[in-house]
Structure formats: C-alpha cells, structure tokens
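Written out below as structure tokens is the structure these notes cover.
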Ligand code: UFG
C-alpha cells in the first residue's frame, strides 16, 4: 500500500486518482485544512489528522501494510509565507520531519517528495536544470529546500531513499472533470483569471508590470496536474526497482507571462477578462522555466498535456462545473 500524505489536496488528489487507476492500493492521510474529502474515490481510506502527530503516524504504519510514502501535504501560498514564515517552517519542514522519523521507525524506506521550483529563487539562467543553484527567496521555497537537505541526510544516515520532484507551476484539472483545483482562498493565476471571466471576481490583478521580461509581467512554466501525477508514479517505480535517491525538475520548458496566460484564458473561455495593474507581490521571481530533460531521460517521463491551451481547457471546464 502507498501512504499518500496530503492526498485530498489539489495535486495529491490527482495522484490518488491516477495511481488507483493503475491498480495501486492507497491510504490517504490529510488534515483537511485545505484538502477536500469529495476529491477522493470512495474506496480509498482517508485518515483525517495531522502529519506531525507521531502517535497517529505510528497507528497508520501499524494498521496498513505501507511500502512507500508519497508526500504532498504543505502550505503553499508564497505571499503568505513571507508574512507568516513560522507557519511554513513548522508545517512544511518540521511536520515532514515527523513523517520521515515515523518511516524510519517502521522501516519504510521509499519516499516521494513534492518539492518546488521555489527552491531555486531568482534564476541565474533559464531553462533551469537540476544543477541550477538553490537560493530560495521566500519562506515557502526555503521550507521545501530544507526538506531536500534533510532527505539527503536521512538517506546517508538511515538508508531512506527518496525522489524529490520540483514542480514548476501546477495547473489544469482531471480531463474527465471529476476533480480539479479548489483552494480557499484561491490565489493561483489561472483559476483567478477564470473566476474573473465568470464575474465571480471583479477583475484579475496583474502583480507587477515592471519586471525585466518582454511584457513586464512574470513568466512561469505551467505543467498539467496529470503529468505531475504520472511523474510520481514513475519516480516510485524507479525507487522500487532499486535506483538511488535523486532530484528532478518537472515543467514543459516553455514560459508564459501573466499577460500571455490571461490572453490564452480569454481564448479558452471565449470571454474578456478585466485586468487591473497592481504592485509586485512579495516573493515572486521574475522568470521560472524548467529544463525537464533529466526527468525525460531518467524517469521516462512523457507529458501528455504539455500544450498550454489543453491545460487551460481542462481548468476552464472544471471551473464551470466544479463539484467542491
Ligand atoms: N499572479 C497575478 N495575479 C494573481 C495571481 C497570480 O499576477 O491574482 C501572478 C503571480 O504574481 C505570478 C504568476 O501570476 O507571477 C503565477 O502565480 P501563482 O500564484 O499562480 O503561482 P506561483 O508562481 O506563485 O507558484 C509558486 C511556485 C510553485 C509553488 C506555488 C505554491 O512557482 O512552485 O507557488 O503556491 F508550488
């Protein structure tokens, strides 16, 4: 069985659905602070609780025959992490340490970790490969970076093998429309644009129009949520075949500015989106674009939905018919 921590969240729930379709047996641990019960298939057990709770973790590891842990749970609002850093270090780093210690206690040695392009900080070059220096510029990125360092130490000390997947910007939704992105509050660019298109918000605020980019707005590499799910499955397979611990960047290698994403969303939904130019948001690097060559060659990762218009169609279709 695979223990999926944060399996009721946006990325975790898409992995659960994907892995279940591949025949994996799964159990989810989620405190439902941001996750949604409704996003889980009825036959996947949900344990509601905190990953930092050592007694609960002992209960989970003794109750279920867990062979691997796939860990998605994290607070992930970059802006909030700048003003409330302790929340991020405590949950994303310290509570993760409790998970790793429980794995060591229960002799479970395969771990897939949701890391982030936010561990890199400002780009020295793009596309960014795994050798790019890591110097995060916000506590969210640091909280993930610290776990990456801890993982190296736990591998050396306890033989806990891991794959850390550094996603760039997760986007899109399950193509069948059963699950999708639902954050409260929602701050991510694509759902906010669609909500503005539907009139659920007055407009989309463009955070910063004076960046050193061709149109002055930030550039990001958007990656489909199911392609991220596929990478997790491949990473776990690789670990279980005996490969050593490793780090991979996941993205499509193409950057889109905020203004370009707004234009592409207008095309996807056929509606105009009112824009308000606003000041920069703290903690935002100007440009993040992945080189995912290593994931392609080493993991055999083949994104199925790399095209931005497909990603946006899936996101739009979810936004119109969302169930939670
Ligand atoms: N943006 C706006 N207006 C908005 C929302 C976002 O202009 O209303 C801009 C942001 O300033 C940024 C870009 O759109 O330039 C994308 O912003 P998102 O909030 O959608 O995503 P981030 O780039 O902040 O994503 C980052 C990291 C991810 C990480 C994620 C966690 O790139 O690795 O934060 O939420 F997982």
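The values are calculated or read from the model by the stated rules, or taken from the named source; none is laboratory data. Treat the numbers as computed from the prediction; the structure is a model and nothing was measured. A quick note on method: Cβ atoms are made from the backbone with ideal geometry, for glycine too, and the neighbour counts reach across all protein chains shown.
Being closer than 19 Å to residue 252 by Cβ, touching a helix residue (DSSP H, G or I) at 6+ places or on another chain (Cβ under 7 Å) and not assigned by TED's automatic domain parsing to the domain that holds residue 80 narrows it down to one residue among 179, 193; which is it? Step through it out loud before you land on a result.
Working: 179 fails: closer than 19 Å to residue 252 by Cβ.
Just one listed residue meets the conditions, 193.
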Given (1) under 24 Å from residue 186 (Cα atoms); (2) over 17 Å from the mean Cα position of the chain (by Cα); (3) surrounded by 15 or more Cβ atoms within 10 Å (Cβ to Cβ); (4) modelled with pLDDT of 95 or more, residue 61 misses just (1)
Given the criterion under 18 Å from residue 116 (Cα atoms) and at pLDDT below 95, identify the matching residue among 235, 290, 282. 282
Residues within region 264-318 that are in contact with a helix residue (DSSP H, G or I) (Cβ under 9 Å, 6 or more places away or on another chain), under 19 Å from residue 120 (Cα atoms) and in a helix (DSSP H, G or I), tallied: 1
Can you list the helices (runs of 4 or more DSSP H) found entirely within region 68-112 that contain at least 2 residues being in contact with a helix residue (DSSP H, G or I) (Cβ under 6 Å, 6 or more places away or on another chain) and crowded, with 17+ Cβ neighbours inside 10 Å? 78-83, 95-105
Here's a check for you: in region 185-205, which residue that is surrounded by fewer than 19 Cβ atoms within 10 Å (Cβ to Cβ) and outside any loop (DSSP other than H, G, I, E, B) is nearest to the ligand (Cβ to nearest atom)? 205
Please count how many residues of region 206-215 are outside any loop (DSSP other than H, G, I, E, B) and in contact with a helix residue (DSSP H, G or I) (Cβ under 6 Å, 6 or more places away or on another chain). 1
Please work out if residue 142 is surrounded by fewer than 21 Cβ atoms within 10 Å (Cβ to Cβ), within 16 Å of the ligand (Cβ to nearest atom), within 24 Å of residue 295 (Cα to Cα) and modelled with pLDDT of 95 or more. no
Subset of region 216-246, residues assigned to a loop (DSSP other than H, G, I, E, B) and within 12 Å of the ligand (Cβ to nearest atom), comes to 216, 217, 218, 221
Note: among 164, 173, just one is under 17 Å from residue 309 (Cα atoms) and within 16 Å of the ligand (Cβ to nearest atom), namely 173
Which condition number does residue 319 fail, the rest of (1) free of Cβ contacts under 8 Å to residues at least 60 places away in the same chain; (2) under 20 Å from residue 269 (Cβ atoms); (3) surrounded by 14 or more Cβ atoms within 10 Å (Cβ to Cβ) being met? (1)
